[in-house]
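Here is the structure we will look at, set down as structure tokens.
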Amino acid sequence: MMSRKLVADEATGAADRDIPEEFRISNYGYGKDSVKVMHVVRNGLVHSIKEFEVGTKLKLASQKDYLQGDNSDIVATDSQKNTVYLLARKHGLKSPEEFGILLCNHFLTKYSHVNEVSIHIEEYPWSRMGFGKGPYQALHNHAFVFTPTATRYCDVTQKRSESTPTVISGLTDLRVLKTTQSAFVNFVNDEYRSLPDQHDRIFSTVVRSSWQYSTVANVDFDFCWNKVKHCILDTFAGETEKGVFSPSVQNTLYLAEKLVLEHIPEVSSIDMTMPNKHYFNFDFSKFPKLINGDEMKEETVFLPVDKPSGIIYAQLDRKSTIKSKL
Ligand SMILES: O=c1[nH]c(=O)c2[nH]c(=O)[nH]c2[nH]1
């Protein structure tokens with residue numbers, strides 16, 4: 001016969017749980033995933049839009065919903081979804097981070113039995129349509145185009161015991177490629193190596209990065225997100241004519257993170273992942289009759305190989321605020 005014990009409820013003090021003493025719930029929570037919400041501001045003829053996908057998660061003080069089937073503390077996931085629409089209607093959608101902070105504050109203030117809130121938000125990359133070039137470009141009043149250069153997201157979490165939320169912002173799917181100014185040489189040369197030194201290769205990666213803020217007061221989250229993206233692109237590409245030399249993915253990744261910490265004082269830590277999307281040389285020497293030995297100097301064909309890919313990552317912290325939550 002299984003041994004059982006009474007477990008006191010942390011929040012209510014009620015000692016009415018009946019669970020096998022060899023088990024305990026160590027992690028739990030519930031919420032609504034992918035709540036799609038669009039906010040439109042109509043400023044006369046000029047309209048502006050924001051579209052988010054929001055995920056909410058609550059951790060309640062008690063586990064009586066799990067242990068006893070007692071639903072009396074549950075703020076239904078359907079109500080959590082409604083809250084997203086009602087707060088969007090009341091406050092509008094500005095940055096994902098600000099909306100995440102607003103939701104955390106709402107759930108903790110409204111429900112005293114909610115111990116922790118986690119909000120995940122992805123922003124849809126709508127840009128206003130523009131016609132013409134440079135100073136003659138006319139921006140459209142109410143038409144937008146999807147420009148998924150990178151996906152923007154944030155994770156905002158707050159425990160009841162914390163006075164401010166933890167805000168982590170991020171980007172994914174930032175796919176970049178350059179056709180020169182990248183090399184990989186002088187790596188371990190032993191009986192396992194087949195790769196020759198590459199003095200001039202294609203460098204392509206799909207950047208994923210997340211960074212944590214040391215403060216959330218008066219932070220311009222839109223500016224910071226665009227600045228991080230710019231730092232990554234700038235470090236990867238260099239100036240427009242000559243570019244910048246990369247001796248390895250590792251070095252480029254580190255330099256991009258360093259540039260972010262140098263430019264954005266509110267960022268305490270940044271994490272980055274760069275898969276190495278290989279573009280291999282195709283062995284045309286196997287087709288001597290077709291290629292006729294003529295060396296094509298200006299045109300070359302490469303073999304794109306997505307899988308397997310190298311995977312390079314690192315987290316760079318300010319020494320003054322080492323606190324890894326990424
Ligand atoms: O920049 C690189 N770093 C590596 O660690 C590595 N390994 C590899 O096969 N190619 C590359 N390229």
Q) Looking at (1) open to solvent by less than 20 Å² (accessible area, probe 1.4 Å); (2) out of contact with any Ser or Thr (no Cβ under 6 Å at 6 or more places or on another chain), which is the one condition that is false for GLN80? A) (2)
(Q) I'm told ASN71 meets every condition in (1) without any contact (Cβ under 8 Å) to a residue 40 or more places away in the chain; (2) part of a strand (DSSP E or B) except one. Can you identify the failing condition by its number? (A) (2)
(Q) Suppose the filter is assigned to a strand (DSSP E or B) and either out of contact with any Cys (no Cβ under 9 Å at 6 or more places or on another chain) or open to solvent by 20 Å² or more (accessible area, probe 1.4 Å) (or both); does LEU195 pass it? (A) no
Q. From ALA183, ALA150, which residue is modelled with pLDDT of 95 or more and in contact with a Leu (Cβ under 6 Å, 6 or more places away or on another chain)?
A. ALA150
Q) Is there any pair linking a residue in segment 245-271 that is closer than 13 Å to SER210 by Cα and in contact (Cβ under 8 Å) with a residue 24 or more places away in the chain to one that is among the small types (Gly, Ala, Ser) and part of a loop (DSSP other than H, G, I, E, B), with Cβ under 7 Å and at least six apart or on different chains, and which? A) SER268/SER214; SER269/SER324
Q: Could you check PHE287 against (1) aromatic (Phe, Trp, Tyr); (2) within 16 Å of the ligand (Cβ to nearest atom); (3) out of contact with any strand residue (DSSP E or B) (no Cβ under 6 Å at 6 or more places or on another chain) and say which number it fails?
A: (2)
Q) Among LEU303, LEU255, which is the only one that is under 30 Å from ASN218 (Cα atoms), within 16 Å of the ligand (Cβ to nearest atom) and open to solvent by 40 Å² or more (accessible area, probe 1.4 Å)? A) LEU255
Q: Within segment 155-165, identify whether any single residue is over 25 Å from SER268 (Cα atoms) and either open to solvent by less than 50 Å² (accessible area, probe 1.4 Å) or within 16 Å of the ligand (Cβ to nearest atom) (or both), and answer yes or no.
A: no
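The values are calculated or read from the model by the stated rules, or taken from the named source; none is laboratory data. Everything numeric here is computed off the predicted structure, so don't read it as measured data. Methodologically, a virtual Cβ is constructed for each residue, glycine included, from the backbone with ideal geometry; neighbour enumeration extends over all protein chains shown. With ligands, DNA and RNA removed, areas are computed over all heavy atoms of the protein, side chains included. Shrake-Rupley method; radii C 1.70, N 1.55, O 1.52, S 1.80 Å.
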